[in-house]
Amino acid sequence: MRQNRVKKLMRDGQLALGKYVTMADPQIVEIIGIAGFDAAFIDMEHTTFDLALVEQMIRAADLAGVTSIIRVPDNDAKLILRILDAGAEGIIVPHVDGIEGAKRAVDAVRYPPVGERGASAGSRAARYGSVPYQEHSRQSNDEILLSVMTEDDKGIKDIEKISALDGIDLVSIGPSDLSQALGVTDPADPKLMAKVTEMANQVKAIGKAKLQFPMNHNSCPLTPTQLVELGVGYTHVGPPPPGILLRHMSESLKKIHEELGR
């Protein structure tokens, strides 16, 4: 397994940058790589992507030289196994159910002795058996990125325990779900930023996992500098491709209409 670009950047103290993949076409992943991003964030939670399409996207990420990070719909070990065997380099588990949910995520993603991932020596991830199994399992445990999302009450309460758990690389804060948990509707509400800062400080105090938080998110728009100050190691950069396309098309059409007097 190749070196994980995102994990290397985080080890070097850099902020790794990923871009959303919310359109059902592997070309988007390729474009993300050509644009120079570090990762393609392939979202299965809020899309209709199936496993066959995700596998094509993982291949595109490999060709484009970016880390493929897949957010699964839930903490399902069987689905996570299939995605990892397809060659994914990162897994994000949403709505992790506190420390017990985080442990289940580690078990699903890591080979023994760290976790309980099922063995498959002939998978695409193992280069169809061309890599000795022991080497494949060691590389996978070293290089695969695991992020767990602490966006519900139990995850928020257990954030320090989760941050200290072996096998966790990122503790993610989802600003939309966190806002709902806090009863906040205004992104400028000081309660939201105070809670984000508190959680960031908890993760930093443990000193093992890094924080994950999106950039330019509508629910809590933070700049690159603000993210670095919070100790964020990896971020999804907004807006997603559909938003970029919509804005460009709308602006282009507005100019045409102005010229035509429509």
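Taking springs between alpha-carbon atoms closer than 10 angstrom, which of A121, A102, A194 fluctuates most in the Gaussian network model of the chain?
A194
Would you mind checking the pairs K19/K157; K19/K191; K7/K78; K7/K154; K7/K208 and listing those with alpha carbons more than 19 angstrom apart?
K19/K157; K19/K191; K7/K78; K7/K154
What's the percent breakdown of Cα-Cα distances in segment 191-262 across 10 Å bins, shortest bin first?
The distribution over segment 191-262 is 18, 35, 20, 15, 10, 3, 0, given as percents.
Roughly how big is segment 46-119's charge dipole about its Cα centre, with Cβ charges of +1 (Lys, Arg) and -1 (Asp, Glu), in debye to the nearest 20?
100
Output ³J(HN,Hα) for segment 151-165: one whole-Hz value per residue in order, computed from phi by the Karplus curve 6.51 cos²θ - 1.76 cosθ + 1.60 with θ = phi - 60°, and x for Gly and Pro.
Those phi angles translate into 10, 10, 3, 5, x, 5, 5, 9, 4, 5, 4, 5, 5, 8, 6 Hz.
If you line up the Cα atoms of segment 123-262 on their principal axes, what length do they span on each, largest first, in Å?
68, 46, 25
For the chain, what is the calculated [θ] at 222 nm in deg cm²/dmol (nearest 500), taking -39500 (n - 2.57) for each run of four or more DSSP H residues and dividing by its residue count?
That comes out to -14000 deg cm²/dmol.
Relative to the compact-globule scaling 2.2 N^0.38 Å, provide the ratio for the alpha-carbon radius of gyration of segment 26-107.
1.09
Report, largest value first, the span of the C-alpha coordinates of the chain along each principal axis, in whole Å.
68, 41, 32
If K210, K157 are ordered by their accessible area, calculated over protein heavy atoms with a 1.4 Å probe, which sequence runs from highest to lowest?
K157, K210
Rank A121, S140, I156 by how far each Cα sits towards the positive end of the charge dipole of segment 117-195 (+1 on Lys, Arg Cβ; -1 on Asp, Glu Cβ) and give me just the farthest.
Positive-most Cα among the choices belongs to A121.
By how many nm would the segment from A188 to L246 grow when fully extended, if each residue of separation counts as 0.36 nm and the alpha-carbon distance is taken off? Each step should come with its number before you reach the end.
Working: separation 58, 0.36 × 58 = 20.88 nm, distance 2.56 nm.
Full-extension gain reported as 18.3 nm.
Say R0 is 30 Å: what FRET efficiency, to the nearest 0.05, do A181 and T225 get from their beta-carbon distance?
FRET efficiency, A181 to T225: 0.70.
For segment 1-156, with the dipole built from +1 on Lys and Arg beta-carbon atoms and -1 on Asp and Glu ones, taken about the Cα centre, which of A35, V93, N75 lies farthest toward the positive end?
Final value for the positive-end residue is A35.
Order the following by accessible area, largest value first: L227, L81. Probe radius 1.4 Å; ligands, DNA and RNA are ignored.
Descending accessible area places them as L81, L227.
Kindly state, to the nearest 0.05, the FRET efficiency for H257 paired with N216, given R0 = 30 Å and r defined as their beta-carbon distance.
Numbers: r = 28 Å, r/R0 = 0.93.
Given R0 = 30 Å and the Cβ-Cβ separation, E is 0.60.
With springs only between Cα atoms under 10 Å, which of I156, I58, I42 fluctuates most in a Gaussian network model of the chain?
Top of the fluctuation ranking is I156.
Can you pull the Kirkwood radius for segment 51-184, inverse mean 1/r over Cα pairs, to one decimal in Å?
Details: mean 1/r = 0.0657 Å⁻¹.
That comes to 15.2 Å for segment 51-184.
The values are calculated or read from the model by the stated rules, or taken from the named source; none is laboratory data. Bear in mind that the values here come from a model prediction, so they are computed numbers and not experimental data. Cβ sites come from the backbone with ideal geometry, for glycine too, and all protein chains shown count toward neighbours. Quick note on the areas: whole protein, heavy atoms, side chains included, nothing else; ligands and nucleic acids left out. Shrake-Rupley method; radii C 1.70, N 1.55, O 1.52, S 1.80 Å.
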